Amino acid sequence: MAKSISARHDMPRQEPGVRRHNFQEVALGYDQETAVAEANRCLECKNSPCVRGCPVEIDIPAFIREIKKGNFAESIKIVREKNSLPAVCGRVCPQEDQCEKVCTLGKKAQPVAIGRLERFVADYERERRPVAGMPQHATSGKKVAVVGSGPAGLTVAGDLAKLGYRVTIFEALHKPGGVLVYGIPEFRLPKAIVQEEVDYIQKLGAELRTSVIIGRTITVDELMADGFEAVFIGSGAGLPKFKGIPGEQLNGVLSANEFLTRSNLMKAYDFPTHHTPIRVGKRVAVVGAVDSARTALRLGADDVAIVYRRSRDEMPARAEEVENAEEEGVRLDLLTDPIRLIGENGWVKAMECLRMELGEPDASGRRQPVPIKGSEFITPIDTVIMAIATSANPLIRQTTPSLECNKRGYIVAGEETGKTSKDGVWAGGDIVTGSATVILAMGAGMKAALDIDRYLRSK
Ligand code: SF4
């Protein structure tokens with residue numbers, strides 16, 4: 001019998017006029033009734049295209065079926081079989097390009113809100129998670145080092161701790177979470193949630209050591225000499241890049257990496273309760289990215305523009321986040337490319353830009369921006385945030401000579417195993433692929449954990 005398709009349930013959010021003045025989470029999450037109603041839209045397709053669209057292959061129809069029955073605790077167990085960070089993924093993964101993109105329902109109506117349902121069961125569990133009584137695993141005694149506590153590292157640590165390995169996570173910063181903590185703003189991903197996911201992995205048995213820089217405090221070879229039989233490198237790609245245009249050395253010009261780290265990790269938005277201040281002028285231009293623009297607005301800027309040299313269709317950010325930013329008052333200055341920053345007394349005062357038009361697709365498949373001759377214009381500006389790209393920190397590469405890296409400085413690792421050129425060393429996440437999504441880093445971590453387990457069992 002044909003089933004009529006109900007509309008997808010909206011995610012309740014803070015009002016734009018309110019949220020642009022605070023750092024609290026924008027999306028508020030489904031309540032139980034809405035979650036069950038949304039779950040009831042799922043057709044439980046036999047061929048489950050959504051599972052194939054998920055980089056970690058969560059059994060999506062099965063976890064949604066349990067929501068339909070009101071078995072939320074059972075539902076999250078199914079999610080956790082494949083995903084160690086469901087509260088994070090439910091918030092920041094681009095489901096519209098993955099599981100929801102291929103959802104059968106999406107052919108005739110809006111797809112099932114898989115990400116929102118994942119977030120719902122993860123939050124249900126977080127709010128009720130027992131302090132004691134975590135499953136204890138028999139230990140094999142074999143030691144594994146995990147370099148970096150971002151999504152790839154946490155996945156490897158969680159999966160291997162569950163298998164009974166003695167896992168130690170080494171984090172360079174003073175707080176765990178990697179890009180989840182320094183790179184994603186509080187209003188998209190509350191840091192308390194990241195901390196709870198880290199706590200969960202520690203309760204599984206993984207040890208965490210912060211403020212340890214691999215390649216400086218201790219090298220990969222020294223870790224191996226110290227008895228670690230396998231090392232996973234998930235150190236990310238957090239080295240900021242600039243455009244290389246005149247004036248970038250002026251005061252008032254920051255990398256998005258520094259800007260977001262000061263705000264997210266050091267909590268500059270809560271100065272002086274937290275000791276790291278941040279200066280944001282009245283007119284802010286963010287070259288390339290959405291998170292920095294929304295943060296600048298919340299820090300008190302009057303006029304914030306995202307300056308982007310392609311069109312809206314090519315923007316790498318999630319459509320939902322671009323819409324949120326616009327609702328809050330961020331302007332999009334599209335098909336515009338800064339070519340010079342102009343200073344006065346050492347501070348940036350203006351920005352010269354060129355208008356662009358779109359030409360043929362380039363190697364990335366996106367249409368290439370082509371400058372329009374004679375379209376230069378100058379606009380006054382107080383702060384410029386450069387969010388064009390990041391690259392790999394060279395420390396581990398420089399101190400681990402037998403580790404093969406590509407021309408761009410990323411570690412070469414097997415796509416299906418994460419295995420590197422160095423025996424006993426695996427890598428995954430942004431340090432291999434360059435800047436990508438949280439769920440892809442987790443997928444790489446999952447594959448590497450399986451291969452590390454195979455390797456250690458065969459030793
Ligand atoms: S493809 Fe969509 S409708 Fe089908 S099982 Fe997956 S979530 Fe449900």
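The values are calculated or read from the model by the stated rules, or taken from the named source; none is laboratory data. All values derive from a computational prediction rather than experimental measurement. Note that each Cβ is placed from the backbone with ideal geometry, even for glycine, and that neighbours are counted across all protein chains shown. These area figures cover heavy atoms from the full protein model, side chains too; ligands, DNA and RNA do not enter into them. Shrake-Rupley method; radii C 1.70, N 1.55, O 1.52, S 1.80 Å.
For the stretch 1-10, does any single residue satisfy the condition of being within 11 Å of the ligand (Cβ to nearest atom) and crowded, with 19+ Cβ neighbours inside 10 Å? No, because not a single residue in the stretch 1-10 is within 11 Å of the ligand (Cβ to nearest atom) and crowded, with 19+ Cβ neighbours inside 10 Å. The condition of being modelled with pLDDT under 95 and within 16 Å of the ligand (Cβ to nearest atom) holds for only one of 138, 109, 132, 161, that being 109. Taking the criterion of being of a type in the set (A, V, I, L, M, F, W, C) and in contact with a Pro (Cβ under 7 Å, 6 or more places away or on another chain), would at least one residue in the stretch 224-234 satisfy it? There is no residue in the stretch 224-234 that is of a type in the set (A, V, I, L, M, F, W, C) and in contact with a Pro (Cβ under 7 Å, 6 or more places away or on another chain). Among the criteria (1) modelled with pLDDT under 95; (2) open to solvent by 40 Å² or more (accessible area, probe 1.4 Å); (3) farther than 25 Å from residue 56 by Cβ, the one residue 256 does not fulfil is (2).
Among residues of the stretch 81-101 that are among the polar types (S, T, N, Q), those with a Cβ under 7 angstrom from a residue that is assigned to a loop (DSSP other than H, G, I, E, B), sequence gap 6+ or separate chain, pair up as 83/56; 83/58; 98/53; 98/54; 98/55.
Which one of 67, 76, 60 is touching a Cys at 6+ places or on another chain (Cβ under 6 Å), among the aliphatic types (A, V, I, L, M) and surrounded by 15 or more Cβ atoms within 10 Å (Cβ to Cβ)? Within the list 67, 76, 60, the selection yields 60.
Checked against (1) open to solvent by 30 Å² or more (accessible area, probe 1.4 Å); (2) in a helix (DSSP H, G or I), residue 332 passes all but condition (2). Within the stretch 220-247, being open to solvent by less than 30 Å² (accessible area, probe 1.4 Å) and part of a loop (DSSP other than H, G, I, E, B) holds for 234, 236, 237, 238, 245, 247. Would you say residue 16 is over 15 Å from residue 106 (Cβ atoms), open to solvent by less than 70 Å² (accessible area, probe 1.4 Å) and more than 16 Å from the ligand (Cβ to nearest atom)? Taking the combined requirement at face value, the residue satisfies it.
Being of a type outside the set (Gly, Ala, Ser) and part of a loop (DSSP other than H, G, I, E, B) is the filter here, so list the residues in the stretch 301-323 that pass it.
Of everything in the stretch 301-323, those that are of a type outside the set (Gly, Ala, Ser) and part of a loop (DSSP other than H, G, I, E, B) turn out to be 302, 309, 310, 315, 316, 318.
Filtered by the rule that a residue be in contact with a strand residue (DSSP E or B) (Cβ under 7 Å, 6 or more places away or on another chain) and surrounded by fewer than 20 Cβ atoms within 10 Å (Cβ to Cβ), the stretch 435-450 gives a lone residue, 435.
A single member of 42, 54 is modelled with pLDDT under 95, assigned to a loop (DSSP other than H, G, I, E, B) and more than 24 Å from residue 192 (Cα to Cα), and it is 54.
Selection of first residues in the stretch 196-210 that are in contact (Cβ under 8 Å) with a residue 40 or more places away in the chain and closer than 12 Å to residue 146 by Cβ and of second residues that are in a helix (DSSP H, G or I) and of a type in the set (S, T, N, Q), restricted to Cβ pairs under 7 Å at least 6 apart or on distinct chains, gives the following pairs, ordered by first then second residue: 208/202.
Within the stretch 222-247, can you find the residues that are of a type outside the set (A, V, I, L, M), at pLDDT 90 or above and in contact with a helix residue (DSSP H, G or I) (Cβ under 8 Å, 6 or more places away or on another chain)?
Result: 229, 232, 234, 235, 236.
Of everything in the stretch 265-315 that's of a type in the set (Ser, Thr, Tyr) and without any contact (Cβ under 8 Å) to a residue 24 or more places away in the chain, which residue is surrounded by the most Cβ atoms within 10 Å (Cβ to Cβ)?
So in the stretch 265-315, the residues of a type in the set (Ser, Thr, Tyr) come out as 269, 273, 276, 292, 295, 308, 311.
Going one step further and asking which of them are without any contact (Cβ under 8 Å) to a residue 24 or more places away in the chain, we end up with 273, 276.
Working: 273: 7, 276: 15.
Ranking the candidates gives 276 first.
Identify the residue in the stretch 37-52 that is more than 8 Å from the ligand (Cβ to nearest atom) and touching a residue at least 40 places away in the same chain (Cβ under 8 Å) and, among all such residues, is most open to solvent (accessible area, probe 1.4 Å). Out of the qualifying residues, it is 52.
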